[in-house]
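No value in this document is a laboratory result; all are computed from the given coordinates. What you are looking at is a predicted structure, and each value in this text was computed from that prediction instead of being measured. Here the Cβ is made from the backbone with ideal geometry for all residues, glycine too, and neighbour counts use every protein chain on show.
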Amino acid sequence: MTRKKKRTPPSTTAGAPIESALARFQPLLAPEDYAALLAELDRPLYPAFRANSLKCDPDLALPRWAARYGWQLAAVPYCPTGRWVTRSETPISATPEHRLGFYYIQDAASMLPPELFDFSRASAPLILDLAASPGGKTTHITARSGDRGLVIANDSSADRITALRIVLSTWGSINNAVTHFPGEKFGAWFPETFDYVLLDAPCSMQGIRTTESHPMRAITDHEISALAARQARLLASAFLALRPGGQVVYSTCTLTPEEDEGVLDVLLRQFPGAVRIEDLQSRLPTRAPGLSGAGPREFDPAVQGAARLWPHRFGTSGFFAASITKTASVSAPTLDAPSRPLERTGFEPLTPAETRDILQIFQDAYGFDLNAPLTTQDLSLWRRGPRLFAFPNAYLERFSALPVQSLGLPLGEEGSDGFQLAHEWAARFGLRFQNGVLTLDEIQSQAWLRGEDLPLSAAHPDGATLVIRDEWDRNLGRGRVQGERLKNLYPRR
Ligand SMILES: C[S@@+](CC[C@H](N)C(=O)[O-])C[C@H]1O[C@@H](n2cnc3c(N)ncnc32)[C@H](O)[C@@H]1O
């Protein structure tokens, strides 16, 4: 195996040598484990990605991509759609599939929490991702749950909402709502409501290994206790928002035990008799148990069931994850959730006749049965001005007054020259279209990917939006017919 050439130097972003940051972890490991950890830190991290089963069949797509882009892939053991890239001729960030959301680039450790959900407990689940931005784990959850029911992807940081919206629409997720609230509120606003909750908590990022997305920085004990206290409040909120029998996954990208096991320990004490921490050890390639204690503090033995991914366990960044089942109802004070009905923000539902017209347009222009996703994913069509959207009925029926930053997936736009298919819809479903498709040869597709318009040889209705493929059956977005030219609408982002 070849290693990624550019490796991040083993230092904290604050400039302090990593050895000083490591000092707090040495007492937590046996000497031979600590030596293995130091050896692991000398090895660079392979990049990794996760294939989007909403847009492709990963079993077919992964070998195709590997052949086309010269990738050598290694399976991430606990994530069937995850792969490390141990050698690559084309960077994984430089393909049309990446731009169109056919896979998501993500550290392999971050693939663990969504894999811990047992989605067989509800067929159209209500899912809350309490601290979701930029949305990597939300995309994983939508794929694993089949994009049914509803995922509310929430984040309290205004600066991070745009990233979350872009990641979810690039992924092509429909059954989602993005919200912007302090996660601490959901337990009082929506008691015992959700089937599943993910708390991927804001943490001290002591993952030991510095990566671009998770810089290891020097941290004080005071900061760690403040973060642990915030996580305990968020986890209590997640737990209160969960229905009895439901499942919370709690995760962090840090290995400080005051967060992690310490926060689980607080939850166990706060809700005695209602919390069951699953023992994850049999689900991991090798055992990676939580700690029994740290310094003078002893934790409830149940926290050892969690997964503590020291970097040398699976060659990942440091990470922590736990799966928690709510075994009994708990009561707590409730509050009214904020309210702003969708209709007040300019949206209105399509009438049954308007919906039938749109179904017919999809049938005629693309040979695509739009009614299939509307039925299987339980969606309704709405408009705001000329723009049309597919919205999840689970949101409309259960949360319709909860203010959202975005909802569902754009479908298209009605214009003076007819219906224009939205990029997001073409990227999600375009490979299933039978008509309205233009297939490019290799030279044309190179020009297309450079953003060039193309001359059209066959006659197409002026103003029509075509979905574009190439001879490798790659989805290359959309183009608009303008006389004898095809205007390039491939996303430049
Ligand atoms: C570890 S990151 C989440 C990463 C994300 N789950 C992913 O996989 O892409 C933690 C997030 O928590 C958010 N956050 C911090 N405090 C919060 C709070 N009180 N309520 C909700 N979100 C919060 C941060 O803005 C940050 O986006």
Computed on Cα atoms only, the convex hull of the stretch 48-97 has an orientation-averaged projected area in nm² of 3.2 nm²
Overall form of the stretch 93-164 per C-alpha gyration tensor (a/c, 1.5; a/b vs b/c) = oblate
Specify whether the C-alpha gyration tensor of the chain places it in the rounded, prolate or oblate class, a ≥ b ≥ c being the square roots of the eigenvalues: rounded for a/c under 1.5, otherwise prolate if a/b is larger than b/c and oblate if not.
-> oblate
In units of 2.2 N^0.38 Å, the Cα radius of gyration of the stretch 436-493 is 0.99
How large is ³J(HN,Hα) for each residue in the stretch 379-386, as worked out from phi by the Karplus curve 6.51 cos²θ - 1.76 cosθ + 1.60 (θ = phi - 60°), to whole Hz, x for Gly and Pro?
-> 10, 10, 9, 10, 10, 9, x, x
Flagged links, alpha-carbon separation over 23 Å, of LYS185/LYS326; LYS55/LYS185; LYS137/LYS487 = LYS55/LYS185; LYS137/LYS487
Using only the Cα atoms of the stretch 286-444, build the gyration tensor, take square roots of its eigenvalues as a ≥ b ≥ c, and label the shape rounded, prolate or oblate: rounded if a/c is under 1.5, else prolate if a/b is larger than b/c, else oblate.
-> oblate
Using the number of other C-beta atoms within 10 angstrom as an exposure proxy, rank SER173, SER282, SER88 with the fewest first.
-> SER282, SER88, SER173
Show me 288-298, 318-328, 185-195 ranked by packing, highest mean number of other Cβ atoms within 10 Å first.
-> 318-328, 185-195, 288-298
Candidate cut points under chymotrypsin sites (Phe, Trp or Tyr not before Pro) in the stretch 61-145, DSSP loop plus at most 11 other Cβ atoms within 10 Å of their own Cβ, are none
